[in-house]
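The values are calculated or read from the model by the stated rules, or taken from the named source; none is laboratory data. This one's a predicted model, so the numbers in the text were calculated from it and none came from an experiment. Don't worry about glycine lacking a Cβ; one is built from the backbone with ideal geometry, like all the others, and counts go over all protein chains shown.
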Amino acid sequence: MYELNDLIIQTSFLIYSNPGVYALLLGSGISRPAGIFTGNEITLDLASKLSTMIEKKEVKDVSKWYKDYYKEDINYSKIIAKLGKTRSERSNFLKPYFEPTEKEKEEGKKIPTEAHRSIAKLVKYGYLRIILTLNFDQLMEEALRDEGINPHVISSVDSIKGTPPPIHSNCILFKIHGDYLDSRIRNTVKELEKYPEEYNVYLDRIFDEYGLIICGWSSDYDVALRNALQRIKNRRYSAYWAVKDNLSQTGKELLNFIQATEVPINNADQFFSSILDNIESLKKFKNPHPFTSKIAVESVKRFLSKNEYIKCHDLVKEETERVHKLITSEKFNVGIRCEKEVYQNRMHGYESAVNILLPIMNTIAYFGSGEYLKLIVSTTERLLPEMNYRDQGGLHWLQIYPALLLQYSIGIIALYVKNFEALKNLFLKTSYMKQDERKLVIEALNVRYIFYKGGYSDFVPYKEDKNLKTRVSDYLFELFQKILKTDIPEERKYEENFDIFEYLVGLVYLDKKYPELKTEKIISFPSGRFCWKYFSVEGNREKGKAIFEPFFKNYLKELLNNSFFNGSEERFNQCKKIYEDILPQYYR
């Protein structure tokens, strides 16, 4: 799954900027999701089978049984020796633990995980060269070979001697605890207390010369490996430790000792696929700096083209939660005095908070359909605060601004590419709670509700001209002209779509807010710069018609098919007539 976690972005960029410099240290957390037993689990399972044959019944505590029966602690090497005399015999009864049956293959078990395959691709691209693994299985080898890579595998002291220096190998896979086909694998606590000197020398060199990315390893039982890490004298490159759950005290102490950065993750698959996605995006731009919005956009495009909805969903959710956490933090405290400078700084702070989320959602509105467009609803609703402000100050009303930025951005893009399904999700499916009543978001997500109802439109950081009639709309026009420059490069097209969007916001607001359409009950509705340009006394009404009339002539059917105006052309005509009759009254 994809993440926009800043630490994952940082890790990705370091790997991208320093190809071949970082080594991986992988624990059982990489292979366990594939259904591969750990060494300890295999030992206990074999002991269980052995005890059943001897006792003719199931034994609950096999470790105790083994010690009582054989007068020694349970040990992997000794127990497999009891069950098979030759290596061929031992290999045969170990295979089921590591090699999938046809049914298991169909179920996706005991085959390389997404993490294995992402790592293999990173090796293929030249970003990774050294993989240290504590796993007995051959899933990493399989994933590498599927990418056309034949790694130099180290699984014993003998195999170290014939291995070329890391710099002269495209991939070295050091299986520190051994391979399941070799009975010499390290498994027990005692076996993990001390490594052969040849291992120590090799590990010391790796840890001294390379950066380190750790994933799937708890560090609790590997005394020899902990000692090797603690012998590091020169930390030429950083260390990153991807952690799914909390580290134990032993792990925390080691993390602090080696000065590693803890990277919270959901799982190894997500971590490595995120790194791969980030690097593939960076590769496309070949940019020396990590412009995360571009990384995000390229990833969304890739997910859409490959129809990888879950990845796209997780990316959007991750970034949405990051924004939500930020805009509800103390940094955006609404309980302070609302002065002009504070208000303007707060607006810019909100704009900065959504600077990655906007291009993500723009890309979905531009290219997406179906279930992808539902993300417009969930994302917008997540950014909306509770709206029971009454006489509260301007900063309370301004809390709605991030969602408004999202609405404008998505809406203008959707109009530009004529994605009416996206507009439907934005206008007709997104809702909010107000005094225990669910309302369509269009009633609150507009400039009049946020800036004018709060009475702070003069604080908007735009030209100090008291004659400006639509300073908020004018400010947003210039803001989004910059934001959407790449998507809508032609200035005339941008201006037309901006004006049509604001026109449509007011028209849909009128339709939903006043279902009876009685003019005497219509108090106000949101308007924009189009109103002053085309419907005021000084405005060019004919120019306005040249923009709006062709749009509705060509696309009214699309709007109605997407449930706008209850799917009724008669309702649309009623709303439009009342709307345009009232608009000139705004600016006489």
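Some notes on this structure:
- Some residue of segment 530-545 being within 25 Å of Lys340 (Cβ to Cβ), without any contact (Cβ under 8 Å) to a residue 60 or more places away in the chain and within 39 Å of the chain's Cα centre (by Cα): no
- Of the listed requirements (1) farther than 15 Å from Cys575 by Cα; (2) touching a Ser or Thr at 6+ places or on another chain (Cβ under 8 Å); (3) part of a loop (DSSP other than H, G, I, E, B), Val472 misses just one: (3).
- Residue match in segment 521-533 (condition: modelled with pLDDT under 80 and farther than 26 Å from Glu549 by Cα): yes
- Among the residues of segment 320-354, those identified as modelled with pLDDT of 90 or more and buried (at least 19 other Cβ atoms within 10 Å of the Cβ) are Thr320, Val323, Ile327, Tyr350, Ala353, Val354.
- Residue-level check: of (1) in a helix (DSSP H, G or I); (2) of a type in the set (Asp, Glu); (3) farther than 25 Å from Arg346 by Cα, Asp487 misses just (1).
- Subset of segment 406-453 [under 15 Å from Leu384 (Cα atoms) and of a type in the set (S, T, N, Q)]: Gln407, Thr430, Ser431, Gln435, Asn446
Residue-by-condition table, conditions (1) touching a Lys or Arg at 6+ places or on another chain (Cβ under 8 Å); (2) in the same structural domain as Ile442 (by TED's automatic domain parsing); (3) in a helix (DSSP H, G or I); (4) exposed (fewer than 12 other Cβ atoms within 10 Å of the Cβ):
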residue: Pro515; (1), (2), (3), (4): no, yes, no, yes
residue: Pro526; (1), (2), (3), (4): yes, yes, no, no
residue: Phe530; (1), (2), (3), (4): no, yes, yes, no
residue: Ile547; (1), (2), (3), (4): no, yes, yes, no
residue: Phe552; (1), (2), (3), (4): yes, yes, yes, no
residue: Arg571; (1), (2), (3), (4): no, yes, yes, no
residue: Cys575; (1), (2), (3), (4): no, yes, yes, no
residue: Ile578; (1), (2), (3), (4): no, yes, yes, no
residue: Ile582; (1), (2), (3), (4): no, yes, yes, no
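- Considering segment 421-438, and only residues there that are basic (Lys, Arg) and not in a helix (DSSP H, G or I), the residue that is farthest from Asn561 (Cα to Cα) turns out to be Lys434.
- When segment 40-79 is filtered for residues that are in a loop (DSSP other than H, G, I, E, B), touching a residue at least 24 places away in the same chain (Cβ under 8 Å) and more than 43 Å from the chain's Cα centre (by Cα), the ones remaining, listed by number, are Asp73, Ile74.
- Among the residues of segment 390-430, those that are closer than 17 Å to Leu504 by Cα and either among the aromatic types (Phe, Trp, Tyr) or not assigned by TED's automatic domain parsing to the domain that holds Ile356 (or both) comprise Tyr408, Tyr416, Phe420, Phe427.
- With respect to being surrounded by 12 or more Cβ atoms within 10 Å (Cβ to Cβ), farther than 20 Å from Tyr452 by Cα and modelled with pLDDT under 85, Arg541 fits the description.
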